[in-house]
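Asks: Sharing a structure below in structure tokens format, with a few things to ask.
The values are calculated or read from the model by the stated rules, or taken from the named source; none is laboratory data. Here the structure is a predicted model, which is why all the values come from computation and not from measurement. Cβ sites come from the backbone with ideal geometry, for glycine too, and all protein chains shown count toward neighbours. Note: accessible area is taken over every heavy atom of the protein model, side chains too, but ligands, DNA and RNA are not part of it. Shrake-Rupley method; radii C 1.70, N 1.55, O 1.52, S 1.80 Å.
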Amino acid sequence: MARAISAATVSASRRVRMSKAKVRWSRRQEGVQTSSSQAGPSAAMSGPALAATRAARASFASAGPSKWRPSSTMPRDGWGWSSMCEAGSPQESWRMVHMTLRDGAGTAGGRARNASSSARKRNSRALSWSRGTLPSVPFTGAQARRCYSRGMSMLRRTKIVATLGPASLPPATLRAMMRAGMDVARLNTSHGTLESHREAVRLVRAVAKEEGRPVAVLLDLAGPKIRTGETEGGRALELRTGATVRVTAEPVAGTEERFTIGYERLTEDVIAGERILLDDGRIELRVVQRDGDDLVCQVTAGGMLAPRRGVHFPETALTAPALTERDREALAMAVAECVDYVAVSFVRDASDIEAARAAIAALGGDIPIVAKIERKQAVEHLDEIVAEADGVMVARGDLGVELPPEEVPVQQRRIIAAAAREMIPVITATQMLESMIEAPRPTRAEASDVANATWEFSDAVMLSGETAIGKYPVEAVAMMDRIIRQAEAVAGPAPEGAGYGEHDDHSYVVALAARRIVASDPNMRGIACFTRSGYSALLMSKVHPDAPIFGVTHAETVYRRLALARGVVPILSRAVTTTDELLRAIDEALLSGRFVDEGDEVVVVASLPVRAQGTTNFLKLHRVGDAAAYQW
């Protein structure tokens with residue numbers, strides 16, 4: 001699995017308000033082009049089209065933006081929703097005319113290239129019908145062309161990971177979640193049987209194939225879950241603050257005086273003075289002393305303790321292995337089913353990642369490993385963990401138990417920054433839209449949480465119980481999609497390449513060059529990365545270019561794995577062996593998917609020789625459709 005870099009995103013200078021926007025309007029489907037750069041929509045329309053436009057304006061003014069919502073049966077494309085209203089309606093005519101904002105790109109005049117640079121730099125207020133909203137800031141003409149060609153909604157760069165469970169495993173629900181924006185399906189082995197997870201992997205693959213979109217599968221290993229034991233009569237124990245209680249690793253019927261904690265090295269690892277947190281930190285014990293096979297503790301924060309509650313040791317260096325026997329069985333299933341990512345729980349240092357990688361290799365597999373940062377020990381060894389892992393997850397649930405709440409946001413930013421330095425994807429997870437387990441709308445704080453993770457350049461944000469057991473799994477995905485799009489529309493700038501001076505890598509230089517080309521040349525419609533391993537596309541995603549990244553690959557595994565990469569549109573292509581075949585394959589992939597038009601320009605990034613992997617050393621400014629004429 002290739003490593004990738006995290007840097008900055010869209011420049012705020014491209015969103016400067018202009019008092020008078022000048023746009024060249026064109027209706028590509030009728031070949032009509034205005035004769036003046038100042039012409040508005042009425043100059044290019046007459047008769048029914050103009051009447052439809054006026055009707056759409058009046059309808060929008062009276063109904064408001066909330067009316068426009070895509071139905072689950074509408075066609076989509078690789079960037080998201082491609083049609084926001086019913087075909088043939090006045091709204092559709094308005095969309096076709098007003099969202100095809102071109103400065104001649106894709107037309108004969110556009111391919112001839114306007115000699116006036118000022119004509120290419122005009123700002124315009126582009127209308128966005130994505131999810132029924134209007135943008136709060138203007139877009140440049142170049143951004144409008146990139147985002148709204150063929151009526152496509154703006155590319156959502158941040159990906160969505162959704163956990164599957166009883167609420168989301170029915171095929172119809174799973175299909176609706178994919179259509180709403182799910183990019184990665186997470187399977188949590190803490191729940192369910194391995195056979196049920198095997199069936200879920202196959203179901204995701206089947207539905208994704210029918211939908212014609214890449215959806216990666218992330219298998220989340222349970223790890224050594226430490227819990228309290230059963231209680232006497234199954235009742236909840238009342239632990240009073242200040243009381244003394246004994247805990248033991250032996251299985252006993254728990255009482256207020258003595259109960260079980262299911263960790264066999266309990267008396268060996270835990271020492272006097274350390275804290276033990278029960279039930280997600282709601283109850284706190286302080287170890288007083290060791291007495292034979294028991295630990296004598298004082299209750300410093302009491303409460304009602306039900307059977308089988310979770311236990312954390314925030315101040316203890318636990319010595320239990322990160323992989324349990326059940327985890328190893330899950331890895332065997334993951335290798336057999338070609339799972340795309342494996343998330344390792346209970347990570348304390350790099351040795352836990354090495355052990356998981358060795359276990360996968362022993363099974364004949366090569367699966368990228370996502371390290372879950374959820375323990376205090378992991379935070380203390382963060383740099384070595386991200387250096388060894390292929391991705392990281394900010395698992396804020398357990399992390400919020402082991403750390404004081406005020407430290408969690410700080411550590412979240414630190415983990416994201418560390419992943420950026422090591423050029424690996426990062427997922428921000430846990431309780432992002434928690435209230436949607438029961439309610440159809442999230443809280444304002446939850447919406448802000450998702451937006452902040454987006455502004456921090458997380459590759460993906462994750463839904464857990466919201467989609468696994470919640471009442472509104474599809475709505476949760478759709479809501480997260482809308483929040484991300486709104487956040488990305490106003491994302492502020494970040495220093496380009498900050499913190500990457502230590503990387504003396506030609507691949508990174510090529511990625512930066514491609515970013516700067518699309519930033520300075522409004523004719524560039526995107527960056528096409530032809531990749532065998534996924535490295536070029538992942539690297540490109542981490543420099544955050546202001547253009548779509550088309551990850552073109554012939555490998556289905558890479559095609560699915562790129563679904564996690566921020567800003568990457570995975571495209572499956574044919575295998576190639578020469579440079580001219582590479583360019584032809586890119587033309588075929590982009591045109592067949594209708595991502596660009598013949599004659600549009602893209603930056604091509606790849607590795608040469610074509611069969612090479614791991615080094616991005618080729619960059620070419622390419623006009624789509626011209627590959628057949630190249631002579632190498």
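Asks: Would it be correct to say that S592 is surrounded by fewer than 15 Cβ atoms within 10 Å (Cβ to Cβ), out of contact with any Lys or Arg (no Cβ under 9 Å at 6 or more places or on another chain) and in the same structural domain as H506 (by TED's automatic domain parsing)? Spell out the reasoning first.
Replies: Numbers: surrounded by fewer than 15 Cβ atoms within 10 Å (Cβ to Cβ): yes; out of contact with any Lys or Arg (no Cβ under 9 Å at 6 or more places or on another chain): yes; in the same structural domain as H506 (by TED's automatic domain parsing): yes.
Against the criterion (surrounded by fewer than 15 Cβ atoms within 10 Å (Cβ to Cβ), out of contact with any Lys or Arg (no Cβ under 9 Å at 6 or more places or on another chain) and in the same structural domain as H506 (by TED's automatic domain parsing)), S592 qualifies.
Asks: Given the condition farther than 20 Å from G223 by Cα, modelled with pLDDT under 95 and surrounded by fewer than 24 Cβ atoms within 10 Å (Cβ to Cβ), answer yes or no: does some residue in the stretch 398-405 qualify?
Replies: Yes, some residue in the stretch 398-405 is farther than 20 Å from G223 by Cα, modelled with pLDDT under 95 and surrounded by fewer than 24 Cβ atoms within 10 Å (Cβ to Cβ).
Asks: Something else now. Out of the residues in the stretch 427-477 that are β-branched (V, I, T), more than 17 Å from the chain's Cα centre (by Cα) and not in a helix (DSSP H, G or I), state the one that is farthest from A417 (Cα to Cα).
Replies: Per the stated criteria, the residue is I469.
Asks: If you go through the stretch 173-208 one residue at a time, how many are in a loop (DSSP other than H, G, I, E, B) and either open to solvent by 30 Å² or more (accessible area, probe 1.4 Å) or acidic (D, E) (or both)?
Replies: 5
Asks: With the requirement that a residue be under 23 Å from E268 (Cβ atoms) and free of Cβ contacts under 8 Å to residues at least 40 places away in the same chain, what does the stretch 320-342 give you? Full working, then the answer.
Replies: So the first thing to find is which residues in the stretch 320-342 are under 23 Å from E268 (Cβ atoms), and the list is 320-327.
Scanning the stretch 320-342 gives a single hit, E325.
Asks: Then there's this: Residues of the stretch 255-293 being out of contact with any helix residue (DSSP H, G or I) (no Cβ under 7 Å at 6 or more places or on another chain) and aliphatic (A, V, I, L, M), which ones?
Replies: Just the residues of the stretch 255-293 that are out of contact with any helix residue (DSSP H, G or I) (no Cβ under 7 Å at 6 or more places or on another chain), to begin with: 256-276, 278-279, 282-289, 291-292.
Matches in the stretch 255-293: I261, L266, V270, I271, A272, I276, L278, I283, L285, V287, V288.
Asks: I want to confirm something. Restricting to the stretch 569-589 and keeping residues that are open to solvent by 20 Å² or more (accessible area, probe 1.4 Å) and assigned to a loop (DSSP other than H, G, I, E, B), which single residue is nearest to V184 (Cα to Cα)?
Replies: Ranking the candidates gives S573 first.
Asks: Another one. Would you check if there is a residue in the stretch 372-390 being closer than 24 Å to A162 by Cβ, among the polar types (S, T, N, Q) and open to solvent by 10 Å² or more (accessible area, probe 1.4 Å)?
Replies: No: zero hits.
Asks: Continuing with the same structure: For the stretch 419-446, which residues satisfy the criterion of being of a type in the set (G, A, S), at pLDDT 95 or above and either open to solvent by less than 70 Å² (accessible area, probe 1.4 Å) or not assigned by TED's automatic domain parsing to the domain that holds G470 (or both)? Before you say what the answer is, go through the steps one by one.
Replies: The initial filter retains those residues of the stretch 419-446 that are of a type in the set (G, A, S), namely 419-420, 429, 435, 439, 445.
Checking the rest, the ones that are also at pLDDT 95 or above come to 429, 435, 439, 445.
Result: A429, S435, A439.
Asks: Looking for whichever is modelled with pLDDT under 90, at negative phi, open to solvent by less than 10 Å² (accessible area, probe 1.4 Å) and among the small types (G, A, S) here; the options are A627, A606. Which one fits?
Replies: A627
Conditions tested, residue by residue: (1) open to solvent by less than 10 Å² (accessible area, probe 1.4 Å); (2) in contact (Cβ under 8 Å) with a residue 40 or more places away in the chain; (3) closer than 20 Å to M423 by Cα.
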residue	(1), (2), (3)
V518	yes, yes, no
R525	yes, yes, no
G534	yes, yes, yes
A537	yes, no, yes
D546	no, yes, yes
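Asks: So which of A332, A322 ends up being under 35 Å from the mean Cα position of the chain (by Cα) and open to solvent by less than 10 Å² (accessible area, probe 1.4 Å)?
Replies: A322
Asks: Could I ask something else about it? So which residues in the stretch 373-406 are of a type in the set (D, E, K, R), in a helix (DSSP H, G or I) and either touching a residue at least 40 places away in the same chain (Cβ under 8 Å) or under 20 Å from E446 (Cβ atoms) (or both)? Don't jump to the end; show me each part of the working.
Replies: Narrowing the stretch 373-406 to residues of a type in the set (D, E, K, R): 374-376, 380, 383-384, 388, 390, 396, 398, 402, 406.
Applying the additional criterion that residues be in a helix (DSSP H, G or I) yields 376, 380, 383-384, 388, 396, 398, 402, 406.
Across the stretch 373-406, the qualifying residues are K376, R396, D398, E402, E406.
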